[in-house]
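The values are calculated or read from the model by the stated rules, or taken from the named source; none is laboratory data. Keep in mind it's a predicted model, so treat the numbers as computed, not measured. Cβ: placed from backbone, ideal geometry, glycine included. Neighbour counts: every protein chain shown. Heavy atoms of the whole protein, side chains included, go into the accessibility calculation; ligands, DNA and RNA do not. Shrake-Rupley method; radii C 1.70, N 1.55, O 1.52, S 1.80 Å.
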Amino acid sequence: MNEIKKKVLIVEDEPKIVDAVMAYLEKGGYNPFAAYDGEKALSLFNNINPDLVILDLMLPKISGEEICRTIRKSSRVPIIMLTAKISEEEKIGGLNIGADDYVTKPFSPRELMARINSLLRRADEGVSPLFHIMSWNNNDLEIDLNSYTVKKSGEAVNLTPNEFKLLCAMIKFPKKTFTREELIKIAIGEDYEGYERTIDSHIKNLRSKIEDDTSNPKYILTVRGIGYKFGENP
């Protein structure tokens, strides 16, 4: 099974910094993308669904702080703030609005890579959506991440461990389209020896438990030729 390169979005208006970070990311086995202003950053974020964001704060058009707030409304993607703002208050402010880490300029690319690797390892260890209890369509579907329970129309739904992991993986990034290979790696584990199409069987069973109409699902959507995504936002 070929390894899928994780996508990293660099949001920075200094081309030299972008070029340097991209070179290190490519060497490290990542798939980097760059946005030089805030508007492009949000557009690119929605289009590529990155696995991690490196975010400058002082940007044209839309500030880094506003970008961070916007992303945090729908995603727990790891965010590293990369900025010249060095005061303790500014660092705390960045962390309070949703950043996972903070690197100040000038910085060591090797240290930045170490922080990226660390954050992505932590993200792979388990899903962490924005809230412990999440619900959709006036509590038609409710998921409690603390008690590992799912309710459909107020009634408990009995999911298998793999079904629950698949559902949680998708709600972590509600706009992201997952390939079957990604779902195997994220939700079941890299050592899983089943065929990718086994995911289809898990999805079919999951739909039978949480969808009103499995032929016209509103939660677990098929993206033809690619895979699956979660179709609703909380």
Taking into account only those residues within segment 167-184 that are touching a helix residue (DSSP H, G or I) at 6+ places or on another chain (Cβ under 8 Å) and open to solvent by 30 Å² or more (accessible area, probe 1.4 Å), which is modelled with the lowest pLDDT? 175
Residues satisfying the stated conditions in segment 146-166, i.e. outside any helix (DSSP H, G or I) and at pLDDT 85 or above: 149, 150, 151, 152, 153, 154, 155, 156, 157, 158, 159
Go through the residues of segment 4-24 one by one and say whether even a single one is in a loop (DSSP other than H, G, I, E, B), aliphatic (A, V, I, L, M), open to solvent by 80 Å² or more (accessible area, probe 1.4 Å) and farther than 22 Å from residue 98 by Cβ. no
Being aliphatic (A, V, I, L, M) and part of a strand (DSSP E or B) is the filter; apply it to segment 30-60 and report the residue that is surrounded by the fewest Cβ atoms within 10 Å (Cβ to Cβ). 34
Could you list, ordered by first residue, the pairs with Cβ atoms under 8 Å in which the first is in segment 71-92 and under 16 Å from residue 123 (Cβ atoms) and the second is open to solvent by 50 Å² or more (accessible area, probe 1.4 Å) and modelled with pLDDT of 75 or more, at least 6 apart or interchain? 80/115
Within the set of pairs 6+ apart or on separate chains, which have a first residue in segment 196-223 that is over 20 Å from residue 150 (Cα atoms), a second that is open to solvent by 70 Å² or more (accessible area, probe 1.4 Å) and modelled with pLDDT under 95, and C-beta atoms under 9 Å apart? 196/1
Name every residue in segment 66-85 that is open to solvent by less than 40 Å² (accessible area, probe 1.4 Å) and outside any strand (DSSP E or B), in order of residue number. 67, 68, 71, 72, 74, 75, 77, 78
Could you check segment 196-206 and list, in sequence order, the residues that are modelled with pLDDT of 90 or more and under 12 Å from residue 170 (Cβ atoms)? 203, 206
Considering residues that are among the hydrophobic types (A, V, I, L, M, F, W, C) and either at pLDDT 80 or above or open to solvent by 60 Å² or more (accessible area, probe 1.4 Å) (or both), the number found within segment 115-133 is 5
